[in-house]
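Please read the structure below before turning to the comments.
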Amino acid sequence: MKIALIQTKQNALYSFHKPEEPISVECAKALQKEMTEQCFTLAREAIGQGCDLLVTTEAINFCGLESALRTSCEALIPFYSEEKKDVLFLRLSELARQAGSWLVAGVYNKRHDERGNLHCYNSAFIYDREGRLHGIYDKMHLTKEESVCLTPGNKILVAETDMGRMGVAVCYDMQFQDVCRGCADAGAEFMAVPSWGWEHGYGMERIKETGLGIAVSMAVPYWMPIEGERMPSELVRGDGRILAAAGREDAELLIGEL
């Protein structure tokens, strides 16, 4: 299958090396919009290229750390329901339709649970080639910083696609065995992974354990290139062979075969 990985270059909103440096809500909104538009601009380059699947990075609409905002992130996180969809979700649907591709998009969102309680999540929204929402996977393993404002998911997701059964994980999930193994046990044939922290030490272990190929879309940090254990966006076969890899310093659209 032909896959497009949308690797973005983060802006000042992602100053994780200075987590206590204050940022105004107005500035956060502007930087959030800038990053979202960067993602859509790159993704539109895939339209007309016959891609079967598009994968974005984790949380294309990240809104900043609460420690830097000095307030709750909830107001900056879009609401989703079947009856009321924020414009971001309408745009993602249209992107998938225009590209004629499946789309796995990493998105911060807030939704009501079955009891009517409102929660914020770090999720992967899965759209089919017609732009229909096929499922939502909520990141199960949150980092300490994420846990301040987000609720973890509690179930895996394997989507039936015309390319095969696709499992989904988000970033930090790859440091644990349960998500990929759960997807493999549920019949997944490959994984789509939006990420900010693709690390071979953990990622290759998940591949070795499951034999699943992985399409992972990484983001370039704001203050440095991708370096050390972390790797750029990659398509990796189920035997660990790297089929395609992006660069370490810049935003780019990587298209390859898995």
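The values are calculated or read from the model by the stated rules, or taken from the named source; none is laboratory data. On a predicted model such as this, the values are computed, not experimentally measured, just so you know. Ideal geometry is used to build each Cβ from the backbone, glycine not excepted, and the neighbour counts take in all protein chains shown. The accessibility values were calculated without ligands, DNA or RNA, using every heavy atom of the protein model including side chains. Shrake-Rupley method; radii C 1.70, N 1.55, O 1.52, S 1.80 Å.
Ordered from highest to lowest accessible area with the whole protein assembly present and a 1.4 Å probe, 173, 138, 162 read as 162, 138, 173.
List the trypsin sites (Lys or Arg not before Pro) within region 177-254 that fall in a DSSP loop (any state other than H, G, I, E or B) and whose Cβ has at most 14 other Cβ atoms within 10 Å. Sites meeting the loop and neighbour criteria: 241.
Please give the charge dipole size of region 181-258, origin at the Cα centre, charges +1 on K and R Cβ atoms and -1 on D and E Cβ atoms. Round to the nearest 20 debye.
Working: 7 positive and 13 negative charges, 29 e Å.
Dipole magnitude for region 181-258 comes out near 140 debye.
Against the compact-protein benchmark of 2.2 N^0.38 Å, the Cα-based radius of gyration of region 117-171 scales to 1.25.
Given the convex hull of the Cα atoms of region 1-89, what is a quarter of its surface area in nm²? For the Cα atoms of region 1-89, the hull's average projected area reads 7.0 nm². Exceedance of the 32 Å cut-off in Cα-Cα distance is limited, within the set 29/84; 2/144; 33/208, to 2/144; 33/208.
Sparsely packed loop sites in region 127-167 (the trypsin sites (Lys or Arg not before Pro) outside DSSP H, G, I, E and B with at most 11 other Cβ atoms within 10 Å) comprise 132, 144, 155.
Only protein heavy atoms count here; on that basis, with a 1.4 Å probe, residue 17 has an accessible area of about 80 Å². In the context of the full set of protein chains, the chain has a per residue accessible area of 43 Å² (1.4 Å probe). Summary of the geometry: region 101-154 and region 1-35, compared by the centres of their Cα atoms, lie 18 Å apart. For region 156-258, the equivalent ellipsoid derived from the alpha-carbon gyration tensor has semi-axes of 22, 14, 12 Å in decreasing order.
Region 59-124 has equivalent-ellipsoid semi-axes of 23, 16, 9 Å, by the square roots of 5 times the alpha carbon gyration tensor eigenvalues, sorted largest first.
Rolled with a 1.4 Å probe across the full set of protein chains, the surface gives residue 195 an accessible area near 0 Å².
Among the trypsin sites (Lys or Arg not before Pro) in region 56-127, those placed in a DSSP loop whose Cβ has at most 15 other Cβ atoms within 10 Å are 70, 84, 115.
Expressed as a whole percentage, what fraction of the accessible surface of the chain belongs to carbon and sulfur atoms when a 1.4 Å probe is rolled over the protein heavy atoms? Intermediate results must be reported in sequence, preceding the final value.
Details: 5310 of 11020 Å².
Ligands and nucleic acids excluded, carbon and sulfur reach 48 percent.
Would you mind getting the Kirkwood hydrodynamic radius of the chain from its Cα pairs, rounded to one decimal in Å? Don't skip to the answer; put the middle values down first.
Values: mean 1/r = 0.0555 Å⁻¹.
It is 18.0 Å.
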